[in-house]
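Reading through the structure tokens given below for one structure.
Quick note: the coordinates plus some simple rules give every number you see, no bench work behind them. Quantities reported herein were computed from a predicted structural model and do not represent experimental measurements. As a convention, Cβ positions derive from the backbone with ideal geometry for all residues, glycine included, and neighbour counts pool all protein chains shown.
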Amino acid sequence: MALDLGIPNADAYAPLYSPWLGNGDFAGLYEQISAYTLVDAPRCYVLYSLACQAVTLGGEVWECGVYKGGTAMLLARAVGEAPLRLFDTFEGMPETDPIRDVHKAGDFADTHIESVSERVGPQASYHKGFIPETFAGLEDSRVAIAHIDVDLYRSILDCCQFIYPRLLRGGFLVFDDYGFPTCPGARQAVDEFFAQRPEVPLVLPTGQAVVFKSS
């Protein structure tokens, strides 16, 4: 129907407008990073779009849970010269909670900081170790957007507790794994944290949840 109606970029309708399918520069960018991330194109498009908006606030850009660096590469392209901080063990997951988490200690260990640094470049600061210990010394930071992709209940709660008070008005928290059945602790942590706060997490059909700080 889109072709019959003469809609511009009709090939990006599937059946709704889906720009990550090839309209604009994003498809080429995703092709460059796709080998280094488990985050699919629609989720990356959400992250990229929000980062392009958040960078106008002038704060830092954080990613908690970097793995092989694909989404960090995406953020680096989106935010230009803005300070980019990357937090990960770069050695796999820490101990997990058998009640709240599905993942096990050591999952996603097939990465290392040297390869990520080569992909993302010197623009980023690399914080290797366990959250929240790697946040030490950053109490004065002001964050424009944080991509939180750590999968585990305790780690996500720790991210919320430290980053939320430092998130700029108009900034975003993007929780990659909120809606995935492999990460039930992610949704629990986010829901618990924001139950007594004014923000309501926006749950997306991609599986992500986004928090916009309005005040």
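Worth a mention:
- Spacing of the two label points (7 Å from each Cα toward its C-beta) at E192 and S141, in nm: 2.2 nm
- The convex hull defined by the C-alpha atoms of the range 106-153 has an orientation-averaged projected area of 4.6 nm².
- Total formal charge among the other residues, if their Cβ is under 12 angstrom from that of A189, Lys/Arg +1 and Asp/Glu -1: -4
- Subtracting the Cα-Cα distance of Y17 and E95 from their residue separation scaled by 0.36 nm leaves 24.0 nm.
- When both the range 143-178 and the range 84-114 are represented by their alpha-carbon centers, they are found 16 Å apart.
- Summed side-chain charge close to G179 - residues other than G179 whose Cβ falls under 15 Å, Lys, Arg +1, Asp, Glu -1: -4
- Within the chain, DSSP assigns beta bridges of which about 25% are antiparallel (rounded to the nearest 5).
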